[in-house]
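Everything on this sheet refers to the single structure shown next.
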Amino acid sequence: SAVISQKPSRDICQRGTSLTIQCQVDSQVTMMFWYRQQPGQSLTLIATANQGSEATYESGFVIDKFPISRPNLTFSTLTVSNMSPEDSSIYLCSVEVGGDYEQYFGPGTRLTVT
Amino acid sequence: AQSVTQLGSHVSVSEGALVLLRCNYSSSVPPYLFWYVQYPNQGLQLLLKYTTGATLVKGINGFEAEFKKSETSFHLTKPSAHMSDAAEYFCAVSFVNSGYSTLTFGKGTMLLVSP
């Protein structure tokens, strides 16, 4: 397993601003993932972050809106840019550990955009 | 394309009753299947997983699930519900692409436990 922390745990932001979310893992991992969970909804994958390469974005998500950094094997950031109220969600990072593709999740960042 | 369907957005049981949360999947390749639980204001916790081998898998907190290929199902059960089981449960299927996997989640089932 892995222990994952996220900062901030929650934030309230004004529209038009940007927020950077940090994800820290207690061990070195190759794959990190960023998800969005809109209110009352399931998780949607935003992008996959592999250390040393550009993140791979899922359909409907673009780098200009959700830039991701992955500077080393234990850390990643997701920025939510030019925010609007529709960006109000929980943002979760996860890591893949072991050989069975299981993912472990951080506690999430609850973002409210006003 | 892979997909996951969870029947019932809400399931209500009494404490001590059987818990049954339903999950059906669609996958073009042998699936890896997972159940996660999310307690209020927390991240997701892995309950159990099926990869290969024994089709009945046991997880944490007394939960288990059975992989039925013929029915493309992976239902989650627990013989006796506790109040502490009240949470949202997500079924997920993995999709392997270029050597790594991504998870596709169902819409979730909220389990309500009454005394």
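Throughout, read-outs are computed from the coordinates displayed, never taken from laboratory work. All of these numbers come straight from a predicted model, not from anything done at the bench. FYI the Cβ positions are ideal-geometry reconstructions off the backbone, even for glycines, and counts take in every protein chain you see.
List of remarks:
- The magnitude of the dipole of segment B:1-87, with charges of +1 and -1 set on the Cβ of Lys/Arg and Asp/Glu and taken from the Cα centre, is near 200 debye.
- Extending 7 Å from the Cα toward the beta-carbon at both A:ARG10 and B:HIS82 defines two label points whose distance is 2.6 nm.
- Assuming charge only on the beta carbon of Lys and Arg (+1) and of Asp and Glu (-1), the dipole of segment A:18-114 about its Cα centre is about 240 debye to the nearest 20.
- When the charge dipole of the protein assembly as shown is built from unit charges on Cβ atoms (+1 for Lys and Arg, -1 for Asp and Glu) and taken about the Cα centre, the candidate among A:THR30, B:SER9, A:SER9 whose Cα reaches farthest toward its positive end is B:SER9.
- Shown here for segment B:1-98: GluC sites (Glu not before Pro) in loop regions (DSSP other than H, G, I, E, B) with at most 15 other Cβ atoms within 10 Å, namely B:GLU15, B:GLU71.
- Averaged over the residues of peptide A:105-111, the number of Cβ atoms from other protein chains lying within 10 Å of each residue's Cβ is 3.
- Among the lysines of the protein assembly as shown, pairs that are 8 or more positions apart or on different chains and have alpha carbons within less than 30 Å of each other number 18.
- Per-residue ³J(HN,Hα) for segment A:63-70, Karplus 6.51 cos²θ - 1.76 cosθ + 1.60, θ = phi - 60°, Hz, x for Gly and Pro: 5, 5, 8, 10, x, 10, 10, 9
- With only Cα atoms counted, segment A:1-63 has Rg and Dmax values of 13.3, 37 Å.
- Within the protein assembly as shown, the ratio Rg/Rh, alpha carbon atoms throughout and Rh by Kirkwood, equals 0.97.
- Taking the Cα centre of the protein assembly as shown as reference, the dipole from Cβ charges on Lys and Arg (+1) and Asp and Glu (-1) amounts to some 140 debye.
- Pairwise centroid distance, computed over Cα atoms, of segment B:15-93 with segment A:25-87, Å: 26 Å
- The trypsin sites (Lys or Arg not before Pro) of segment B:65-115 meeting both criteria, a DSSP state outside H, G, I, E and B (loop) and at most 12 other C-beta atoms within 10 angstrom of the site's C-beta, are B:LYS69.
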